[in-house]
Amino acid sequence: MIYKAHIIDTPTKDEFRIIPNGYIHVTEDGKIAGIYEQLPAELANEPITDYGDKLLIPAFYDLHVHAPQYRNLGLALDLPLLEWLETYTFPEESKFRDIAYAEHVYRRFVHELWMQGTMRSSVFASAHPEATAKLMDIFREAGLGAFVGLVGMDRNCPEAVQNTTEQVQAFLEQVATENDPLVKPIITPRFIPTCSREMLKMMGKLAKKHNLPVQSHLSENKDEIRWVHQLMPETICYADGYRKYGLLGDTPTLMAHCCYTKGIELRMIRRHHVMVVHCPTSNCNLGSGAAPIRRFLDNGIPVALGTDVSGGHNMSVLRVIQYAIQTSKLYQILTPRKEAFLKVSEAFYLATKSGGSFFGQCGCFEKGYDFDALVVDDAYLNHEKYELNQRIERYIFLGDDRDIKVRFCAGKEIKEPKL
Ligand code: GUN
Ligand code: FE
């Protein structure tokens, strides 16, 4: 199939690539076979879908989001991290023992990912295996890509949100061999304070045994970091606690936040090829801090974006792009190093090609990449004449999910999931 529209993406972070009235050739396997300014003669007989004056952009990727916190979206943002977890988050997550409740909320959660154009995500479920398996089923039914993590947590939190090393191991052993192309497990220790050494050890072993990726939280909040030092005095930094148990880059690893990652820890995550997931809405809402994103990029550390719902108040990756740009400007003003703020193309790149690299060849319109794409109708924003480079910028700052007309994941058009 050939898709025709104004094609916009970021093969490199420094600028948008814009192909007015361009063509993308997508083969049966859902992969991009070619991208053209003019249709080559040998493709003249291929069926064409023409989206006219609409924009065709890569789909969004949310590399850090908590599905069982969906019901708290936009609520309860008046406490710092540790108090917020105790007061609002653990009580809500404890409800996911109830599979009917879990299915109800998880269907709405996946529906909203679809709505926002988030075609793939890396998700924290709760500590409950049955509900987590249900979430994986709902993703499969919807046709969306996801890494889904049963959250391991067995200390320093209420019993209703805890599980055991044995339960987590049994679940992981079961899902590790499922081999679904789009919906896969990810090893998910919640964070050092809620994981015993036994839990961390088992998770590190299974990551290696089944070559499973890892996700967790790192250096988000000052009280949290102090607590980790008390709990693991033998470590040289917070990240070292994961490293000691094989949970830092032995397999592909996502670490959310990293607001206070510098010095030894920065060098450690760079050496271990950790991908930082920047969650600026959450960092503002919980007053956690501001991550040194420019420093990570200058050091060659890969960075993706996450909504971190419900620390983040919004499921839209577009809004996270906007916050990433704006908070980077505040960071420049308020810190002595005066590091350059993020350009629009850079923040868009983090949400598409950079985040997409965690799922394979995703997030950009290049030969061999999976066709994950959104068709955007921004006609209502074009009351004056705007160039395409201005239209993408206006869509990023002014647009929302209502402008997304068609969604593709791995070459397949994804219709509205059932609630
Ligand atoms: N650290 C441990 N758990 C959480 C969580 O649910 N949200 C955030 N933002 N940080 C965490
Ligand atoms: Fe989080």
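Since every read-out is calculated from the coordinates, none of them should be taken as a lab result. Note that the structure is predicted; figures quoted are calculated from it, not measured. Cβ atoms come from the backbone with ideal geometry, glycine included; neighbour counts cover every protein chain shown.
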Within the set GLY117, GLY143, GLY74, GNM on the chain using Cα springs under 10 Å gives the largest fluctuation to GLY74
What nm distance separates the two modelled labels at ASP50 and GLU86, each placed 7 Å from Cα along Cα→Cβ? 6.4
Hey, rough spin-label estimate for LYS385 and ALA160, points 7 angstrom out along Cα→Cβ, what's it come to in nanometres? 6.2
For TYR242, TYR51, order by how many other beta-carbon atoms lie within 10 Å, fewest first: TYR51, TYR242
Total formal charge among the other residues, if their Cβ is under 14 angstrom from that of ARG267, Lys/Arg +1 and Asp/Glu -1: +2
Neighbour-count ranking [beta-carbon atoms within 10 angstrom, fewest first] of SER282, SER328: SER328, SER282
Sequence of SER216, SER357 once ranked by neighbouring C-beta atoms within 10 Å, starting from the fewest: SER357, SER216
If you add up the charges near LYS418, with Lys and Arg at +1 and Asp and Glu at -1, over every other residue whose beta carbon is less than 15 angstrom from its beta carbon, what do you get? 0
Could you give the dipole magnitude of the chain about its Cα centre, charging the beta-carbon of Lys and Arg +1 and that of Asp and Glu -1, in debye to the nearest 20? 1000
Can you give me the long-range amide H partners of ALA304? Hydrogens built in the peptide plane at 1.01 Å from N, cutoff under 5 Å, separation of 5 or more residues or another chain. VAL276, VAL277, HIS278
Give the angle, between 0 and 90 degrees and rounded to the nearest 10, that separates the Cα long axis of helix 222-231 from the longest principal axis of the Cα atoms of the chain. 50
Relative to the longest principal axis of the chain, what angle (0 to 90°, nearest 10) does the C-alpha long axis of helix 99-115 take? 40
With Cα springs under 10 Å, the Gaussian network model of the chain assigns the largest mean-square fluctuation among ALA304, ALA207, ALA373 to ALA207
Report for the chain the percent antiparallel among DSSP-assigned beta bridges with both residues inside it, nearest 5. 40
What dipole magnitude, in Debye to the nearest 20, does the range 272-363 give about its Cα centre under +1 on Lys/Arg Cβ and -1 on Asp/Glu Cβ? 220
Separation of alpha-carbon centers, the range 349-419 and the range 30-80, rounded to whole Å: 4
Can you tell me the Rg and the Dmax, both Å, for the Cα atoms in the range 1-153? 20.4, 63
For THR165, net neighbour charge (Lys/Arg +1, Asp/Glu -1) across residues whose Cβ lies under 9 Å away: -2
Quick check: from the Cα gyration tensor, does the range 347-419 come out rounded (a/c under 1.5), prolate or oblate? oblate
Rounded Å value of the spacing that divides the Cα centres of the range 120-160 and the range 217-290: 21
Rg to Rh for the chain: what is it, with Cα atoms only and Rh by Kirkwood? 0.97
Positive-pole candidate from GLN38, THR188, TRP227, dipole of the chain, charges at beta carbon: TRP227
Relative to the longest principal axis of the chain, what angle (0 to 90°, nearest 10) does the C-alpha long axis of helix 197-210 take? 40
Cross-link table LYS244/LYS338; LYS95/LYS201; LYS31/LYS54; LYS4/LYS418; LYS95/LYS134; LYS208/LYS415, entries beyond 26 Å C-alpha to C-alpha: LYS244/LYS338; LYS95/LYS201; LYS4/LYS418; LYS208/LYS415
If the chain between LYS412 and THR177 were fully stretched, how many nm would it gain, using 0.36 nm times the residue separation less the Cα-Cα distance? 82.2 nm
